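Data first, discussion second: the structure below is written as structure tokens.
The values are calculated or read from the model by the stated rules, or taken from the named source; none is laboratory data. Only a predicted model underlies this, so the values are computations on that prediction, with no experimental measurement involved. When we count neighbours, we look across all protein chains shown, and the Cβ atoms used for this are built from the backbone with ideal geometry, even at glycine.
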Amino acid sequence: MLVLSTSGHGSEITGGKEVEPHSLPFMAHVRSERSVCGGILIDPQWVLTAAHCKE
């Protein structure tokens, strides 16, 4: 499980847990001006993520 969070009040994830850096090499951190999302590598050049993460 990868836990993503932005700084600031109200950004806590309930029930999440911290993981060691580089322990989930198939996970991706997708960041834009509007949101921070997670994704999973489905190919060396492709990341699958939720539709709302697209700008």
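List every residue pair whose Cβ atoms lie under 7 Å apart, where the two residues are 6 or more positions apart in sequence or sit on different chains, the first residue falls within region 42-54 and is β-branched (Val, Ile, Thr), and the second residue, located anywhere, is modelled with pLDDT of 90 or more and surrounded by 11 or more Cβ atoms within 10 Å (Cβ to Cβ).
Taking only residues 6 or more apart or on different chains, the pairs are Val47/Leu41.
Suppose we filter region 20-35 for residues that are under 17 Å from His52 (Cα atoms) and not small (Gly, Ala, Ser); how many remain?
5
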